[in-house]
1. Please determine, by comparing only the residues of the range 165-175 that are within 22 Å of the chain's Cα centre (by Cα) and crowded, with 18+ Cβ neighbours inside 10 Å, which one is farthest from LEU133 (Cα to Cα).
2. Can VAL127 be described as near the ligand (Cβ under 10 Å from one of its atoms), touching a residue at least 24 places away in the same chain (Cβ under 8 Å) and either under 30 Å from LEU91 (Cβ atoms) or over 23 Å from the mean Cα position of the chain (by Cα) (or both)?
3. Anything in the range 176-194 that is surrounded by fewer than 22 Cβ atoms within 10 Å (Cβ to Cβ) and either over 30 Å from ASP92 (Cβ atoms) or charged (D, E, K, R) (or both)? List them, or say none.
4. Search the range 318-368 for residues being modelled with pLDDT under 95 and polar (S, T, N, Q), and hand back the single one that is nearest to the chain's Cα centre (by Cα).
5. Taking the range 313-345 on its own, how many of its residues are of a type in the set (A, V, I, L, M, F, W, C), surrounded by 16 or more Cβ atoms within 10 Å (Cβ to Cβ) and touching a Ser or Thr at 6+ places or on another chain (Cβ under 9 Å)?
6. How about the range 255-283: which of its residues are closer than 16 Å to ARG181 by Cα and either over 15 Å from the mean Cα position of the chain (by Cα) or crowded, with 24+ Cβ neighbours inside 10 Å (or both)?
7. For the range 202-245, name all the residues that are in a helix (DSSP H, G or I) and more than 24 Å from the chain's Cα centre (by Cα).
8. Could you please let me know if ALA27 is surrounded by fewer than 24 Cβ atoms within 10 Å (Cβ to Cβ), over 23 Å from VAL162 (Cβ atoms) and of a type in the set (A, V, I, L, M, F, W, C)?
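The values are calculated or read from the model by the stated rules, or taken from the named source; none is laboratory data. Everything quoted here is computed from the prediction, not taken from an experiment. Backbone-built Cβ (ideal geometry, glycine too); neighbour counts: all protein chains shown.
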Amino acid sequence: MGGSPLRILVVGAGIAGLAVARALRLAGFRPDVTERLPPTEHTDTGLYLPGNAARAMRRLDLDGPLRPLGEVIHRQRFLDAAGSPLCEVDLDALWAGVGECRALPRAELHRVLLTGAGGAVRHGAEVSTVEPLPGGVAVGFTDGTGGEYDLVVGADGPRSAVRTLAALGGPPRAAGQVIYRAVVQGGPRVADWTALLGQRAGFLVVPLGAGRLYCCADEAGSVLPADPLARLHELFGHYGGPVPEVLAALETVHVERTEEVELGRWFHGRVLLVGDAAHAVAPTLSQGAAMALEDAVVLAESLRAAGSVDAALIAYESRRRPRTRWVRDRTRDRNRTRDVPPALRDPVLRGRGGRIFGEHYRLLTGPL
Ligand SMILES: Cc1cc2nc3c(=O)[nH]c(=O)nc-3n(C[C@H](O)[C@H](O)[C@H](O)COP(=O)(O)OP(=O)(O)OC[C@H]3O[C@@H](n4cnc5c(N)ncnc54)[C@H](O)[C@@H]3O)c2cc1C
């Protein structure tokens with residue numbers, strides 16, 4: 001169907017929506033993109049992209065603008081809470097032939113995708129109604145405007161309104177962690193992705209280049225603290241390694257609960273969900289962006305190859321399910337290891353941790 005005048009609406013201009021817009025444009029479609037927020041800068045946090053994200057960016061022909069950004073990450077180091085080594089993962093070996101792992105400011109990936117999507121996003125437009133039509137969808141916006149489309153792609157995140165309006169599912173489920181994120185300048189020198197594993201809590205530091213560090217800490221639970229910075233000091237003040245210096249350099253901390261979305265189906269009529277709207281998980285494996293980018297590549301390929309939109313949606317979901325299910329299951333596996341007391345867990349990780357953690361990505365290093 002490539003090049004046909006299909007009317008496609010993409011709802012949401014996050015990683016998934018912009019990547020879908022880019023992939024569809026490359027395939028000859030001209031989608032409309034709507035975003036409820038104004039075009040302000042995104043929250044200043046970091047993002048770690050494993051090798052399959054780089055492969056998807058290559059397929060979107062955006063690897064050129066991505067390459068100068070952030071820092072290539074060659075190694076994951078796991079330490080205990082005191083800062084003593086537990087195990088390592090050689091990322092160059094794990095993702096050989098797939099792509100480089102990279103950490104960068106989230107806003108920089110967003111800028112690359114926005115440019116790639118053609119820049120034409122309608123901001124401040126929130127979907128309020130989604131009505132099935134024979135072979136299409138009527139969409140209404142909160143500002144009173146509306147339109148008819150052959151396909152609506154809900155890329156509106158874990159709390160997707162499209163998901164509810166199209167009767168594909170309800171609110172997300174709490175996934176069981178509170179996450180603290182910050183970018184620090186002038187912290188300690190950290191060359192690798194470095195995680196300190198404690199008792200039902202962990203502290204991750206990743207270099208973003210230009211002297212910046214992305215810090216992402218978590219604790220089990222679902223209650224957001226009144227003072228996130230004070231809570232971080234309380235939780236991690238006794239940790240070793242780079243943690244004391246990172247804590248000393250912290251200024252602004254973003255805090256949120258992790259969420260999970262698990263659906264029986266991803267499309268209803270001509271309304272499809274992609275990215276976190278369809279399959280959000282806790283960010284333990286840092287696969288959210290990669291899954292969203294892969295969704296975009298596979299959706300465009302499915303639409304181009306299939307004889308009809310309906311056939312394309314079936315093909316799309318059957319190709320994407322195994323990989324997103326793998327990410328969900330391995331995320332849950334890894335999160336369960338947080339509940340094991342360090343006295344039992346750490347000796348196992350010292351012996352086999354590198355293999356265990358590398359294995360969590362096995363399916364993802366295979367073909368898309
Ligand atoms: C704490 C944390 C850390 C993470 N770290 C990583 C990491 O290091 N690496 C990684 O790969 N992933 C990470 N993730 C996951 C990653 O951020 C998500 O998987 C990814 O952002 C999903 O993109 P998305 O476009 O599907 O959703 P979102 O990024 O949520 O984007 C949805 C967009 O839709 C818009 N929208 C919402 N409702 C409407 C509406 N009704 N109408 C119009 N627009 C709407 C929103 O404003 C937003 O712009 C992390 C997630 C969290 C919570």
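1. So the residue we want is ALA175.
2. no
3. Selection gives GLY176, ARG189, ASP192.
4. The selected residue is ASN335.
5. Counting residues in the range 313-345 that are of a type in the set (A, V, I, L, M, F, W, C), surrounded by 16 or more Cβ atoms within 10 Å (Cβ to Cβ) and touching a Ser or Thr at 6+ places or on another chain (Cβ under 9 Å) gives 2.
6. Once the filter is applied, which keeps residues that are closer than 16 Å to ARG181 by Cα and either over 15 Å from the mean Cα position of the chain (by Cα) or crowded, with 24+ Cβ neighbours inside 10 Å (or both), the range 255-283 yields only VAL255.
7. Within the range 202-245, LEU229, ALA230, ARG231, HIS233, GLU234, LEU235, PHE236, VAL243, PRO244, GLU245 meet the criteria.
8. It is false that ALA27 is surrounded by fewer than 24 Cβ atoms within 10 Å (Cβ to Cβ), over 23 Å from VAL162 (Cβ atoms) and of a type in the set (A, V, I, L, M, F, W, C).
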